[in-house]
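Chemist: Dumping the structure here so I can ask a few things about it.
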Amino acid sequence: MNMKNYSNRRFILSGRNLLPATNSIRHKLILLLSCLFIFSMNMYAQNTVSGTVRDGNGEPLLGVSVIVKHGKATTGSVTDLNGHYQVKADPNATIEFSFVGFKSVTVPANQKVINVTLHDDNQLLDEVVVVGYGTQKKVNLTGSVSQVTAEVLENRSTSSVTQMLQGAMPNVNIQVNTGSPGAGGTISIRGMGSVNSSSPLILVDGIPGSIDQLNPNDIESVSVLKDASSAAIYGARAAFGVVLVTTKKAKSGKAKVSYDGYFSWSKPTVSTDFVTSGYDHAYIYDTSYMGQKGFMGAATGYTEEDYKELEARRYDTTENPDRPWIVTTTESDGRQKYNYYANFDWWNWMYKERMPSQSHNVSISGGTDKIQYYVSANFYTKDGMMKRVDEKYTQYTLTSKFSAEIKSWLKIGNQTNYFDSSHTYPGENAANAAFARTMINCAPYYVPIGPDGNYTGLMKNGKVINEGRVADIYGGVSRGNVGKRRFRNTFSVEVTPIKNLSVNADYTFGFTMDDNWKRQGVVYISNGYANETQLSTSSTHKKDYIQKSMSYNPSHVFNAYATYGNTFAKSHNISATVGMNYEKQQNHDLLGYRTDVLSETLNDLNLATGTGASDLKATGGASAYELFGLFFRANYNYKERYLLEVNGRYDGSSRFLSGNRYGFFPSVSAGWRISEEQFLKNLNIFDNLKIRASYGVLGNQLGVSMYPYSTITQKQSSYIVNNALTYYLTTPAPVAGDYTWEKVGTLNMGIDISVLNNKLNFSGDYFIRKTSDMFVDGVTLPAVYGANPPRQNAGEMKTKGYELSVTWRDNFKLAGKSLNYEIFGSLGDATSEITKYQGNDTNILTDYYVGQKIGEIWGYRTGGLFQSDEEAAEWTSKIDQSAVNRDILKSQGKWSVARGGDVKYLDKDGNNIINNGANTLDDHGDLEVIGNETPRYNYGFGTNINWYGFDFSIAFQGIGKRDLYPDKEMEKFWGSWGRVNSAFLPKGLAEQAWTEDNKGAYFPRLERGSAAYNGDGQMRVVNDRYLQNLAYLRLKNLSIGYTLPATLTTKAGIERLRIYFAGENLCYWSPFKTDYIDPEQAISSSDARIYPFSKTVSVGVNLTF
């Protein structure tokens, strides 16, 4: 309603000339009816406006937002499948048409039919990027910043944001720690920067936090500040980059309710098809022990008669009543002995084939131009792999945001975040440990539970099935829970006292709380006889106890900063930010432990009764630190052509002595947008061409303990005197008196190019980073000193690298409809080298030394496998291989000498002896640098497509090279050449053994069991033959969705309804020579004995009211 016109009319009707002096009822009624009539006319003065919205090719656009704005009131609709819309609008209102990927259009609502054409938003010159304490136009950036928006995180079937970011930005390396439910990852930016720690600073809405403890649906964007110029405003904690997570803000408009949910199913990314034939498994392992023991049966304890029983059942995939898998015999003393001849599938008995998970997210947002709100809640749960026992991960997040304009110059806001997770697990330790310990002694010729109901324990070879872990995990007593609580509340104020000046302040209180408990029961196992048990041989299983640990870590963060920006003479643009930052972090730990719990199902310290010195334990700890910083940033540009930025921060840390506590860390950067020069504009080639450079020095305190200068401390020993544990005093390791910040200087040069109406965009950076005053052992001390060498600022490291990214966006007609697509790709690489190190005077290879490339792998060169016994005898008569053939020298009879199928080592130093010399840089014998375990050439690429309501996206991610020599415990790679009693033997692995008929084999003779496990064995010493390249290409994400036409959904009051199918980690390709270990699994753990990584498929829905 037009209030101005209404007021005028009311004045005329109430004028003295129109009303008689009397105040009769008749006149009052006439006046009232007249007012109502005029009011009604104004109400019905709204027009019905309709029309069609098309793209630049004339195709109708589905789902365009149509918002009617009239004063403070807003209403809206969306276009249907044919691009048609219809709204009610006052003639004085305006209508805004907006759609992702297109420029918004606003028109007056003064016509009944308004047709609109939206053009592609290829003019990316106004794109804004989040930087420290503010935002900047992307084209004006002079530092190195990468950013991804919420679209990258949408419809992903995982709760881990770090996993979602893999491959999304160049030189942002993400290592997933384990496949355990709820597990996240670690982030490193531009490779290794210090021998201590190279972790980036992670800020969530400006406050330190964990990126994996966020609701992915709440994230608006993730910016990564890579160089010193962009990160300098954060000073001492930003030496190795900053990850800025910006969450969705409260926005004005009508109340909007959104639901996003999915159901998914996961399974391991690798093969789980293991040898389940008892005969085959026993034969392989007994053969593997032939060389060491000289006879069959040494590994299993099985006799020739036992082998006949196994062979009779060799092809029984299920138990045949005529050939039972457990045969009971009666001993001379009347005891009944169990004899096991099974073909049991341990993997599928212990682990699920699929792990279901689900996620449900609801958000509500809206408000007026004065008050806005945003509230979201998320629930996520995933079942673990373990069968028959309770293993489940559950996560809840809650976010609320509120902002209000109190005065035209005053705004306030409040944000609350809560995170709660719980992971219940069976067994003696967390789920990952439970999984790892089931990797040994699960021979398929045994079954987990005997006829008497007791868990199988003692085997014929004297070892215990799973070291008792199966009985512990599935026994029902041993279990635990890992609980995490995170809370944060931020109150913020923004004041704009004068034009172009804003003053911001915020205070945040938060805490993290870990609440863990673990119950361990006494584990009994069968001793091989009916109805007889014994204690498990594992020392962990011999005590019944309850342990509970808690930590409470409150934090206080205060930021205050002012920003001024203005333009002079329409050419000179300036902005400046100055501010301060204060943080205080406290840590409190408490642990209680007590043995002899009265109940097997109730777990509480009060139910424990142990009273001995080792039966009752209570420990704690506390620490705190503070940070204080003053910072500034100044920007200048001339007509957005010549760009200059200066940053600086003055930081102080409580970790250093007062004289070395503070440091000033400056940076400067500049850019030249050559495309804005008239001589280049006339060519009409470049939409944007910018070169930029930056240099800055930042501080680093990562790797420094809370109290490096602490004095005498009290510790508890494990010795009992007079029925009590004894205590002793200890002094800390010596520390140099001038201990202070590491200093990290970074030079960055970059170029940004946009052509073809911004359809093609390229960005490239090259950087050199030098870390000086690195915390290392300052001097080499004799062993009689009795302590570690003092830590000093005595090391230097140089890192060099580059990153490239390219994007192509365009559209064309398909079947008469517009198809919009995007193709993207990125590549990054970084290498690091030690340039100064004072703590290794002898240059021993097991320590850092000057000239060392970080990640170097020293090893021996090989010449393949000996093709005959004669070749082996001739070579070893001239070349002494005894230093790398300890497994052979300890073998029996004919196996005690090198034979055909053994590894041939090359004499690189020509002294006829294969060894590592003095194992120093000057005398390394036959050792050479044969590889490097630094991840190289991290890359990602993919495409996004939208057509006629359908959407499709696919993303690949990987690394180009990463070397690894498999650990001796990596049984799924080594098989019987590693642990002879390994649980799961990959099918086909034994067929890769050398024989007279298979001389091109990859592995030595099968009789050389444990050659990769025993010290200085021919496969245990690092060599180039079994060095693995863990490079991989992974189909990281695939999503296919369909948005229903608005003509159908709006009738039900639904603004948008989309259904989709998505896949995560669907497949991978790698030169790693096994199908049983994911290369990322091997990167995360050298023995790969961690919870398997998962590939996941999901179906979901996005719904907006």
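Chemist: In this structure, is K904 at pLDDT below 95 and more than 40 Å from the chain's Cα centre (by Cα)?
Modeler: Working: at pLDDT below 95: no; more than 40 Å from the chain's Cα centre (by Cα): yes.
Answer is no for this residue.
Chemist: Sticking with this one: Kindly check whether there is at least one residue in the stretch 227-241 that is closer than 27 Å to R655 by Cβ, assigned to a strand (DSSP E or B) and more than 12 Å from the chain's Cα centre (by Cα). Even if it seems obvious, please write down each step before you answer.
Modeler: Let us first name the residues in the stretch 227-241 that are closer than 27 Å to R655 by Cβ, namely 227-241.
If we keep only those that are assigned to a strand (DSSP E or B) too, we end up with none.
No, because not a single residue in the stretch 227-241 is closer than 27 Å to R655 by Cβ, assigned to a strand (DSSP E or B) and more than 12 Å from the chain's Cα centre (by Cα).
Okay, residues lined up against (1) of a type in the set (A, V, I, L, M, F, W, C); (2) more than 18 Å from T746 (Cβ to Cβ); (3) modelled with pLDDT of 90 or more; (4) not assigned by TED's automatic domain parsing to the domain that holds M169:
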{"site": "N215", "(1), (2), (3), (4)": "no, yes, yes, no"}
{"site": "D218", "(1), (2), (3), (4)": "no, yes, yes, no"}
{"site": "S221", "(1), (2), (3), (4)": "no, yes, yes, no"}
{"site": "D227", "(1), (2), (3), (4)": "no, no, yes, no"}
{"site": "G235", "(1), (2), (3), (4)": "no, no, no, no"}
{"site": "A239", "(1), (2), (3), (4)": "yes, no, no, no"}
{"site": "V242", "(1), (2), (3), (4)": "yes, no, yes, no"}
{"site": "K248", "(1), (2), (3), (4)": "no, yes, yes, no"}
{"site": "K251", "(1), (2), (3), (4)": "no, yes, no, no"}
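Chemist: When you go through (1) under 26 Å from V929 (Cα atoms); (2) buried (at least 17 other Cβ atoms within 10 Å of the Cβ); (3) touching a Ser or Thr at 6+ places or on another chain (Cβ under 7 Å) one by one for T842, which number turns out not to apply?
Modeler: For T842, the exception is condition (2).
Chemist: Identify, from the list L689, L698, L702, the residue that is more than 30 Å from S623 (Cα to Cα), out of contact with any Pro (no Cβ under 7 Å at 6 or more places or on another chain) and modelled with pLDDT of 65 or more.
Modeler: Going through L689, L698, L702 in turn, just one is more than 30 Å from S623 (Cα to Cα), out of contact with any Pro (no Cβ under 7 Å at 6 or more places or on another chain) and modelled with pLDDT of 65 or more: L689.
Chemist: Specify the residue that is farthest from N527 (Cα to Cα); the eligible residues are those in the stretch 456-483 that are buried (at least 19 other Cβ atoms within 10 Å of the Cβ) and basic (K, R).
Modeler: R479
Chemist: Pick out the one residue from N122, N173, N110 that is of a type in the set (S, T, N, Q), more than 17 Å from E1064 (Cβ to Cβ), at pLDDT 85 or above and outside any strand (DSSP E or B). Break it down stepwise before answering.
Modeler: Working: N122 fails: at pLDDT 85 or above; N173 fails: outside any strand (DSSP E or B).
Matching residue, one of N122, N173, N110: N110.
Chemist: Turning to a different aspect of this structure: Assess whether A282 counts as being more than 42 Å from the chain's Cα centre (by Cα) and either part of a loop (DSSP other than H, G, I, E, B) or crowded, with 20+ Cβ neighbours inside 10 Å (or both). Explain how you work it out, then say what you get.
Modeler: Working: more than 42 Å from the chain's Cα centre (by Cα): no; either part of a loop (DSSP other than H, G, I, E, B) or crowded, with 20+ Cβ neighbours inside 10 Å (or both): yes.
It is false that A282 is more than 42 Å from the chain's Cα centre (by Cα) and either part of a loop (DSSP other than H, G, I, E, B) or crowded, with 20+ Cβ neighbours inside 10 Å (or both).
Chemist: Among the residues of the stretch 1053-1064, is any surrounded by fewer than 17 Cβ atoms within 10 Å (Cβ to Cβ) and under 30 Å from W347 (Cβ atoms)? Write out each step before concluding.
Modeler: Initially, the stretch 1053-1064 is screened for residues surrounded by fewer than 17 Cβ atoms within 10 Å (Cβ to Cβ), giving 1053-1054, 1059, 1061.
Going one step further and asking which of them are under 30 Å from W347 (Cβ atoms), we end up with 1061.
Yes, the stretch 1053-1064 contains at least one residue that is surrounded by fewer than 17 Cβ atoms within 10 Å (Cβ to Cβ) and under 30 Å from W347 (Cβ atoms).
Chemist: Follow-up question, since we're still on this one. Looking at the stretch 330-380 only, could you name the residues that are of a type outside the set (A, V, I, L, M), in a strand (DSSP E or B) and more than 30 Å from L1066 (Cβ to Cβ)?
Modeler: Start the filter on the stretch 330-380 by keeping residues that are of a type outside the set (A, V, I, L, M), which leaves 330-341, 343-349, 351-354, 356-361, 363, 365-370, 372-374, 376, 378-380.
Checking the rest, the ones that are also in a strand (DSSP E or B) come to 330, 336-340, 351, 356-361, 363, 365-367, 372-374, 376, 378-380.
Across the stretch 330-380, the qualifying residues are T330, Q336, K337, Y338, N339, Y340, S365, G366, G367, Q372, Y373, Y374.
Chemist: Hey, another quick one. How many residues does the stretch 292-329 contain that are farther than 30 Å from G1015 by Cβ and either of a type in the set (D, E) or in a loop (DSSP other than H, G, I, E, B) (or both)? Quick ask: steps written out before the conclusion?
Modeler: So in the stretch 292-329, the residues farther than 30 Å from G1015 by Cβ come out as 303-329.
Subsequent filtering for residues that are either of a type in the set (D, E) or in a loop (DSSP other than H, G, I, E, B) (or both) retains 303-306, 309, 311, 313-319, 321-322, 324-325.
Total meeting the criteria: 17.
Chemist: Does E822 meet the test of being out of contact with any Gly (no Cβ under 7 Å at 6 or more places or on another chain) and either assigned by TED's automatic domain parsing to the domain that holds N911 or over 21 Å from T934 (Cβ atoms) (or both)?
Modeler: On the way: out of contact with any Gly (no Cβ under 7 Å at 6 or more places or on another chain): yes; either assigned by TED's automatic domain parsing to the domain that holds N911 or over 21 Å from T934 (Cβ atoms) (or both): yes.
Taking the combined requirement at face value, the residue satisfies it.
Chemist: When the residues of the stretch 401-432 are filtered to those that are of a type in the set (G, A, S) and within 30 Å of P356 (Cβ to Cβ), which remaining residue is farthest from the chain's Cα centre (by Cα)?
Modeler: Step one: filter the stretch 401-432 for residues of a type in the set (G, A, S), giving 403-404, 408, 413, 421-422, 427, 430-431.
In the following step, the residues that additionally are within 30 Å of P356 (Cβ to Cβ) were identified as 421-422, 427, 430-431.
Details: S421: 16, S422: 18, G427: 26, A430: 19, A431: 18 Å.
Filtering the stretch 401-432 for residues that are of a type in the set (G, A, S) and within 30 Å of P356 (Cβ to Cβ), the one farthest from the chain's Cα centre (by Cα) comes out as G427.
Chemist: Does D506 satisfy the criteria of being within 18 Å of N559 (Cβ to Cβ) and either of a type in the set (D, E, K, R) or not in a strand (DSSP E or B) (or both)?
Modeler: Working: within 18 Å of N559 (Cβ to Cβ): yes; either of a type in the set (D, E, K, R) or not in a strand (DSSP E or B) (or both): yes.
Yes, satisfied.
Chemist: Looking at (1) closer than 30 Å to K401 by Cα; (2) assigned to a loop (DSSP other than H, G, I, E, B), which is the only condition V522 fails?
Modeler: (1)
Chemist: Assess whether E600 counts as being in the same structural domain as N637 (by TED's automatic domain parsing), outside any helix (DSSP H, G or I) and closer than 30 Å to V495 by Cα. Full working, then the answer.
Modeler: Numbers: in the same structural domain as N637 (by TED's automatic domain parsing): yes; outside any helix (DSSP H, G or I): yes; closer than 30 Å to V495 by Cα: no.
Judged against the criteria, E600 is not a match.
Chemist: A follow-up question, please. Do you know which of the residues in the stretch 771-798 that are among the charged types (D, E, K, R) and surrounded by 19 or more Cβ atoms within 10 Å (Cβ to Cβ) is modelled with the highest pLDDT?
Modeler: Start the filter on the stretch 771-798 by keeping residues that are among the charged types (D, E, K, R), which leaves 773, 777, 791, 796, 798.
Then keep just the ones that are surrounded by 19 or more Cβ atoms within 10 Å (Cβ to Cβ); that gives 773, 777, 791, 796.
Working: D773: 89, D777: 79, R791: 76, E796: 95.
Selected residue: E796.
Chemist: Would you call N461 in a strand (DSSP E or B) and polar (S, T, N, Q)? Steps first, answer last, please.
Modeler: On the way: in a strand (DSSP E or B): no; polar (S, T, N, Q): yes.
No; evaluated as a whole, the condition is false for this residue.
Chemist: Looking at (1) at pLDDT 95 or above; (2) part of a loop (DSSP other than H, G, I, E, B); (3) of a type in the set (G, A, S), find the lone condition where S891 falls short.
Modeler: S891 satisfies all of (1) at pLDDT 95 or above; (2) part of a loop (DSSP other than H, G, I, E, B); (3) of a type in the set (G, A, S) except (1).
Chemist: Tell me yes or no: at least one residue of the stretch 863-876 is among the aliphatic types (A, V, I, L, M), surrounded by fewer than 17 Cβ atoms within 10 Å (Cβ to Cβ), in contact (Cβ under 8 Å) with a residue 24 or more places away in the chain and part of a strand (DSSP E or B).
Modeler: Of the stretch 863-876, the ones among the aliphatic types (A, V, I, L, M) are 865, 872-873.
Then keep just the ones that are surrounded by fewer than 17 Cβ atoms within 10 Å (Cβ to Cβ); that gives 873.
Next, from what is left, pick out any that are in contact (Cβ under 8 Å) with a residue 24 or more places away in the chain: 873.
So of that shortlist, the ones also part of a strand (DSSP E or B) come out as none.
So far as the stretch 863-876 goes, no, none of its residues is among the aliphatic types (A, V, I, L, M), surrounded by fewer than 17 Cβ atoms within 10 Å (Cβ to Cβ), in contact (Cβ under 8 Å) with a residue 24 or more places away in the chain and part of a strand (DSSP E or B).
Chemist: Do we find that D997 is out of contact with any Gly (no Cβ under 9 Å at 6 or more places or on another chain) and under 30 Å from G893 (Cβ atoms) in this structure? Talk me through it step by step, then tell me what you get.
Modeler: On the way: out of contact with any Gly (no Cβ under 9 Å at 6 or more places or on another chain): yes; under 30 Å from G893 (Cβ atoms): yes.
The answer is yes for D997.
The values are calculated or read from the model by the stated rules, or taken from the named source; none is laboratory data. Just so we're clear, the structure is a prediction, and the values are computed from it rather than from any experiment. All Cβ positions, glycine included, derive from the backbone under ideal geometry; neighbour counts span all protein chains shown.
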